[in-house]
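The values are calculated or read from the model by the stated rules, or taken from the named source; none is laboratory data. Here the structure is a predicted model, which means the values were calculated and not measured. Note: ideal-geometry Cβ built from the backbone for every residue, glycine included; neighbour counts use all protein chains shown.
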């Protein structure tokens, strides 16, 4: 399997945080732990990503851009 691009790696970090947050929130709502694979958690994660997808992409691009600038300065 090919390694993910820096952009995809950065975006995946945001998605993993959203999954963790939505899993915790659903567990709090129900009063018991729920797995990330729960249908409600997955639906909520999709809704969040659809709502903030453009902001997430902009943040990932900014993070990659600043990392590239830092590496060029170090050279």
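Taking only pairs six or more apart or across chains, which ones have beta-carbon atoms under 6 Å, a first residue in segment 1-29 that is more than 18 Å from residue 45 (Cα to Cα), and a second residue that is at pLDDT below 95 and surrounded by 12 or more Cβ atoms within 10 Å (Cβ to Cβ)?
That search, which allows pairs on different chains as well, returns 6/64; 7/60; 7/64.
Looking at this structure, is residue 41 in a helix (DSSP H, G or I), modelled with pLDDT of 90 or more and under 15 Å from the mean Cα position of the chain (by Cα)?
yes
So which residues in segment 3-35 are at pLDDT 95 or above, in a loop (DSSP other than H, G, I, E, B) and surrounded by fewer than 14 Cβ atoms within 10 Å (Cβ to Cβ), if there are any at all?
Result: 31, 32, 33, 35.
Which pairs do you get when a residue that is over 13 Å from residue 18 (Cα atoms), found in segment 30-59, comes within reach of a residue that is surrounded by 11 or more Cβ atoms within 10 Å (Cβ to Cβ), reach meaning Cβ atoms under 6 angstrom, with the pair 6+ apart or on two chains?
Partner pairs satisfying both residue conditions: 33/27; 34/26; 34/27; 40/26.
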